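Everything below concerns the one structure shown next.
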Amino acid sequence: MERELEIIRNNILFLRNEYLEKLCDVAIDIVKRDKIEVVFVGKLSTGKTTIMNALLGKDIMPTGIGTITKSINTIIKSDEDKIEVIYKDGSSEIHQIDEKVFGLINEKPNLKAVNVYLKDFPFSSVIFVDTP
């Protein structure tokens, strides 16, 4: 992929288009990274989490009517299925993935972020980031 982008960049240099040159440089930098973050942003209750679940092919993250996502949530490829809850004071907890655990997590005060680690996450070099 990096080689193909370099070829495209060289062709764009020939065209002398500064905007396209910068765009190719950004694309090459992204491809060189270990992980690419795909961030889902939008107004409250617009289906960001539903889209993430659809991309995963199953309902991992909780959805519903009203504001369900109350912190920054990430989904990351891992060797084991688990949920890491991070608090504003820097402390954290590990939980097993369970349908009820998200409801309990969302009720906790001082919640900063939730990292969901999945063995069968289909994108090894991608991190999904869900926002409130």
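The values are calculated or read from the model by the stated rules, or taken from the named source; none is laboratory data. Since this is a predicted model, take the numbers as computed values, not measurements. With ideal geometry, Cβ positions are generated from the backbone for all residues, glycine too; neighbour counts draw on all protein chains shown. Only protein heavy atoms, including side chains, enter the accessible area calculation; ligands, DNA and RNA are left aside. Shrake-Rupley method; radii C 1.70, N 1.55, O 1.52, S 1.80 Å.
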For region 110-132, what are the residues that are outside any strand (DSSP E or B) and surrounded by fewer than 15 Cβ atoms within 10 Å (Cβ to Cβ)? N110, K119, D120, P122, S124, S125, T131, P132
Take I75 and decide whether it is modelled with pLDDT of 70 or more, of a type outside the set (S, T, Y), surrounded by fewer than 16 Cβ atoms within 10 Å (Cβ to Cβ) and under 21 Å from S124 (Cβ atoms). no
Region 35-64 residues that are under 23 Å from K100 (Cβ atoms) and of a type in the set (A, V, I, L, M, F, W, C), paired with ones that are part of a helix (DSSP H, G or I) and open to solvent by less than 40 Å² (accessible area, probe 1.4 Å) (beta carbon under 7 Å, 6 or more apart): I60/N53; M61/T49; M61/M52; M61/N53
How many of the residues making up region 84-109 are open to solvent by 70 Å² or more (accessible area, probe 1.4 Å) and either at pLDDT 85 or above or part of a helix (DSSP H, G or I) (or both)? 5
Against the definition (modelled with pLDDT under 70 and in a loop (DSSP other than H, G, I, E, B)), how does D59 come out, yes or no? no
